[in-house]
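Taking it in order: structure first as C-alpha coordinates, then the write-up.
The values are calculated or read from the model by the stated rules, or taken from the named source; none is laboratory data. Small disclaimer: the values here were computed from a predicted structure and weren't measured. With ideal geometry, Cβ positions are generated from the backbone for all residues, glycine too; neighbour counts draw on all protein chains shown. Side chains included, ligands, DNA and RNA excluded: accessible areas come from the protein's heavy atoms. Shrake-Rupley method; radii C 1.70, N 1.55, O 1.52, S 1.80 Å.
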Amino acid sequence: SLLNNAIKFVATSDDATFASQVGDYFDLPVLADYYVFITMLFAIDNSSKNVIWGCYDSAVGKKLTLAVWDLEATVGQHWYDGNGFYHAPEIQPEKDLLNCRFSALNKNKLFLRLLGIPEFKRQVVYRYWQLRRSVLEPNNLIARYKAVLDALETSGALARESERWSG
(Lines give C-alpha, C1' and ligand atoms only; values in the text may rest on other atoms or scores of the structure.)
Protein backbone atom coordinates (compact mmCIF):
# COMPACT_ATOMS: atom_id res chain seq x y z
CA SER A 1 0.00 0.00 0.00
CA LEU A 2 1.04 3.64 -0.35
CA LEU A 3 1.33 4.11 3.40
CA ASN A 4 3.40 0.95 3.89
CA ASN A 5 5.74 1.96 1.07
CA ALA A 6 6.15 5.44 2.55
CA ILE A 7 6.85 4.06 6.02
CA LYS A 8 9.44 1.66 4.65
CA PHE A 9 11.03 4.47 2.62
CA VAL A 10 11.31 6.79 5.64
CA ALA A 11 12.63 4.00 7.87
CA THR A 12 15.20 2.48 5.53
CA SER A 13 16.39 4.94 2.88
CA ASP A 14 19.81 6.50 3.20
CA ASP A 15 20.02 10.28 3.63
CA ALA A 16 20.78 11.08 -0.01
CA THR A 17 17.95 8.89 -1.31
CA PHE A 18 15.57 10.28 1.29
CA ALA A 19 16.40 13.88 0.38
CA SER A 20 16.03 13.29 -3.35
CA GLN A 21 12.90 11.11 -3.28
CA VAL A 22 10.82 12.09 -0.23
CA GLY A 23 8.77 14.39 -2.46
CA ASP A 24 7.67 11.33 -4.44
CA TYR A 25 6.03 9.92 -1.30
CA PHE A 26 4.71 13.00 0.52
CA ASP A 27 3.09 16.33 -0.34
CA LEU A 28 5.97 18.44 0.99
CA PRO A 29 4.22 21.84 0.94
CA VAL A 30 1.47 20.36 3.12
CA LEU A 31 4.07 18.91 5.50
CA ALA A 32 5.82 22.29 5.71
CA ASP A 33 2.47 23.93 6.53
CA TYR A 34 1.72 21.21 9.06
CA TYR A 35 5.05 21.76 10.80
CA VAL A 36 4.30 25.48 11.06
CA PHE A 37 0.78 24.63 12.28
CA ILE A 38 1.81 22.25 15.06
CA THR A 39 4.65 24.53 16.11
CA MET A 40 2.43 27.62 16.26
CA LEU A 41 -0.27 25.80 18.25
CA PHE A 42 2.32 23.93 20.30
CA ALA A 43 0.32 20.84 19.42
CA ILE A 44 2.01 18.36 21.72
CA ASP A 45 -0.49 15.62 20.93
CA ASN A 46 -0.30 16.05 17.15
CA SER A 47 3.45 15.92 16.71
CA SER A 48 3.54 12.19 16.13
CA LYS A 49 -0.07 11.02 16.19
CA ASN A 50 -3.63 12.29 15.77
CA VAL A 51 -3.26 12.61 12.02
CA ILE A 52 -4.91 10.65 9.27
CA TRP A 53 -2.75 9.87 6.26
CA GLY A 54 -4.36 9.74 2.87
CA CYS A 55 -3.89 10.23 -0.83
CA TYR A 56 -5.84 12.75 -2.88
CA ASP A 57 -6.41 10.33 -5.76
CA SER A 58 -4.15 7.29 -6.18
CA ALA A 59 -5.09 7.06 -9.87
CA VAL A 60 -3.53 10.49 -10.42
CA GLY A 61 -0.69 10.59 -7.90
CA LYS A 62 0.81 8.57 -5.10
CA LYS A 63 1.80 11.36 -2.68
CA LEU A 64 0.51 11.12 0.86
CA THR A 65 -1.00 14.06 2.66
CA LEU A 66 -2.40 14.37 6.13
CA ALA A 67 -5.45 15.60 7.97
CA VAL A 68 -5.25 16.61 11.59
CA TRP A 69 -7.78 15.83 14.29
CA ASP A 70 -8.08 15.89 18.08
CA LEU A 71 -6.53 19.27 18.88
CA GLU A 72 -7.36 19.37 22.58
CA ALA A 73 -3.69 19.43 23.61
CA THR A 74 -2.79 22.73 21.98
CA VAL A 75 -2.10 26.32 22.98
CA GLY A 76 -0.76 25.38 26.42
CA GLN A 77 -3.28 22.66 27.26
CA HIS A 78 -2.49 19.07 28.10
CA TRP A 79 -4.69 16.16 27.02
CA TYR A 80 -5.21 15.14 30.63
CA ASP A 81 -5.08 16.89 33.93
CA GLY A 82 -7.55 15.90 36.61
CA ASN A 83 -7.34 19.39 38.14
CA GLY A 84 -8.47 21.34 35.07
CA PHE A 85 -6.33 23.45 32.78
CA TYR A 86 -2.71 22.52 32.36
CA HIS A 87 0.00 25.11 31.89
CA ALA A 88 3.26 23.38 32.67
CA PRO A 89 6.43 25.45 32.29
CA GLU A 90 7.37 23.20 29.34
CA ILE A 91 4.23 24.21 27.43
CA GLN A 92 4.91 27.84 26.67
CA PRO A 93 5.02 29.79 23.38
CA GLU A 94 8.77 30.39 23.58
CA LYS A 95 9.57 26.69 24.04
CA ASP A 96 10.70 24.31 21.33
CA LEU A 97 8.20 21.59 20.41
CA LEU A 98 11.09 19.24 19.56
CA ASN A 99 12.34 19.37 23.16
CA CYS A 100 9.06 19.37 25.08
CA ARG A 101 8.74 16.26 27.24
CA PHE A 102 5.04 15.97 26.34
CA SER A 103 5.69 16.05 22.60
CA ALA A 104 6.75 13.07 20.53
CA LEU A 105 8.08 15.22 17.69
CA ASN A 106 11.63 14.29 18.67
CA LYS A 107 10.67 10.67 17.87
CA ASN A 108 8.87 11.44 14.59
CA LYS A 109 11.28 9.95 12.06
CA LEU A 110 9.61 11.66 9.10
CA PHE A 111 9.91 15.19 10.48
CA LEU A 112 13.34 14.61 11.98
CA ARG A 113 14.60 13.49 8.60
CA LEU A 114 12.78 16.30 6.75
CA LEU A 115 14.28 18.91 9.06
CA GLY A 116 17.69 17.52 8.16
CA ILE A 117 17.13 18.57 4.55
CA PRO A 118 18.22 22.22 4.15
CA GLU A 119 15.72 22.87 1.34
CA PHE A 120 12.79 21.64 3.44
CA LYS A 121 13.93 23.63 6.45
CA ARG A 122 14.16 26.76 4.25
CA GLN A 123 10.67 26.04 2.92
CA VAL A 124 9.31 25.87 6.49
CA VAL A 125 11.03 29.13 7.47
CA TYR A 126 9.82 30.89 4.30
CA ARG A 127 6.26 29.65 4.83
CA TYR A 128 6.29 30.75 8.46
CA TRP A 129 7.33 34.30 7.55
CA GLN A 130 4.85 34.38 4.69
CA LEU A 131 2.02 33.40 7.08
CA ARG A 132 3.36 35.69 9.81
CA ARG A 133 2.48 38.64 7.56
CA SER A 134 -1.12 37.42 7.23
CA VAL A 135 -3.00 34.76 9.22
CA LEU A 136 -0.27 34.38 11.87
CA GLU A 137 0.15 38.10 12.47
CA PRO A 138 -0.59 38.60 16.19
CA ASN A 139 -3.55 40.96 15.74
CA ASN A 140 -5.07 38.59 13.17
CA LEU A 141 -4.64 35.64 15.54
CA ILE A 142 -6.25 37.57 18.40
CA ALA A 143 -9.13 38.62 16.14
CA ARG A 144 -9.64 35.02 15.04
CA TYR A 145 -9.75 33.74 18.62
CA LYS A 146 -12.13 36.57 19.58
CA ALA A 147 -14.44 35.81 16.64
CA VAL A 148 -14.63 32.13 17.59
CA LEU A 149 -15.23 32.94 21.26
CA ASP A 150 -17.93 35.46 20.30
CA ALA A 151 -19.62 32.87 18.06
CA LEU A 152 -19.51 30.28 20.87
CA GLU A 153 -21.05 32.74 23.32
CA THR A 154 -23.67 34.10 20.90
CA SER A 155 -24.81 30.65 19.80
CA GLY A 156 -25.11 29.43 23.38
CA ALA A 157 -22.64 26.59 22.67
CA LEU A 158 -20.22 27.78 25.33
CA ALA A 159 -22.93 27.75 28.02
CA ARG A 160 -24.20 24.33 26.89
CA GLU A 161 -20.72 22.81 26.91
CA SER A 162 -19.93 24.35 30.28
CA GLU A 163 -23.19 23.07 31.76
CA ARG A 164 -22.70 19.60 30.29
CA TRP A 165 -19.03 19.04 31.14
CA SER A 166 -18.28 21.17 34.22
CA GLY A 167 -18.14 19.28 37.50
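Residues in segment 22-50 that are open to solvent by less than 20 Å² (accessible area, probe 1.4 Å) and β-branched (Val, Ile, Thr): how many?
4
Condition first: modelled with pLDDT of 95 or more and loosely packed, with under 11 Cβ neighbours inside 10 Å. Now tell me which residues in segment 82-118 satisfy that.
If the condition is that a residue be modelled with pLDDT of 95 or more and loosely packed, with under 11 Cβ neighbours inside 10 Å, then 118 is the only one that fits.
Looking only at residues that are assigned to a loop (DSSP other than H, G, I, E, B) and among the hydrophobic types (A, V, I, L, M, F, W, C) in segment 51-69, which one is least open to solvent (accessible area, probe 1.4 Å)?
Checking each candidate, the answer is 59.
Quick check, is residue 67 modelled with pLDDT of 95 or more and hydrophobic (A, V, I, L, M, F, W, C)?
No, not satisfied.
Quick check on my filter: what residues within segment 22-62 are among the acidic types (Asp, Glu) and in contact with an Asp or Glu (Cβ under 8 Å, 6 or more places away or on another chain)?
45
So which pairs qualify, if the first residue must be in segment 95-123 and closer than 26 Å to residue 4 by Cβ, the second must be of a type in the set (Lys, Arg) and assigned to a helix (DSSP H, G or I), the Cβ gap must be under 7 Å, and the two must be at least 6 apart or on different chains?
Note: pairs meeting the criteria are 115/121.
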